[in-house]
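This report refers to the structure that appears directly beneath it.
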């Protein structure tokens, strides 16, 4: 079952399966936010935005509106 990146829980790892490249900043794509890479949610900011992920050995902060443009599958379900 696919989810949005913004829907995974802290500590979960998910495989990126699709990215809306028209809405994702180029910098995130360069940092590895691409299909085939694993993303792990580390923390959510106190007000719920942004989300802190480890993607492709990089720590990145992604706003919720951008995380909604990334489709993932939980690691144990692929």
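Every read-out reported here was derived from the displayed coordinates using simple, explicitly stated rules and does not represent laboratory data. Since we're looking at a predicted model, the values are computed, not measured. Every residue, glycine as well, gets a Cβ built from its backbone with ideal geometry; the counts of neighbours run over all protein chains shown.
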*Once fully extended, how much extra length lies between residue 56 and residue 13, figured as 0.36 nm per residue of separation less the alpha-carbon to alpha-carbon distance?*
14.3 nm
*Before rounding to the nearest 500, sum -39500 (n - 2.57) across all DSSP H runs of length at least 4 in the chain and divide by the residue total; then give [θ] at 222 nm in deg cm²/dmol.*
-2000 deg cm²/dmol
*Subtract the Cα-Cα distance of residue 30 and residue 74 from 0.36 nm times their separation in residues, and report this length gain in nm to one decimal.*
13.6 nm
*Sketch the reach of a paramagnetic label on residue 1 as a point 7 Å from Cα along Cα-to-Cβ, and name the residues of segment 45-78 whose backbone nitrogen lies under 18 Å away.*
71-78
*Arrange the peptides 63-72, 22-31 so that the one whose residues have, on average, the most other Cβ atoms within 10 Å appears first.*
63-72, 22-31
_Let me see the P(r) profile for segment 2-77: every Cα-Cα distance counted, bins of 5 Å, each bin given as a percent of all pairs._
3, 19, 32, 30, 13, 3
*Relative contact order of the chain: what whole-number percent is it, with Cα pairs under 8 angstrom and at least 6 residues apart?*
44 percent
*Within segment 1-33, which residues have the backbone N less than 19 Å from the label spot 7 Å out from residue 64 along Cα→beta-carbon, could you tell me?*
3-12, 24-25
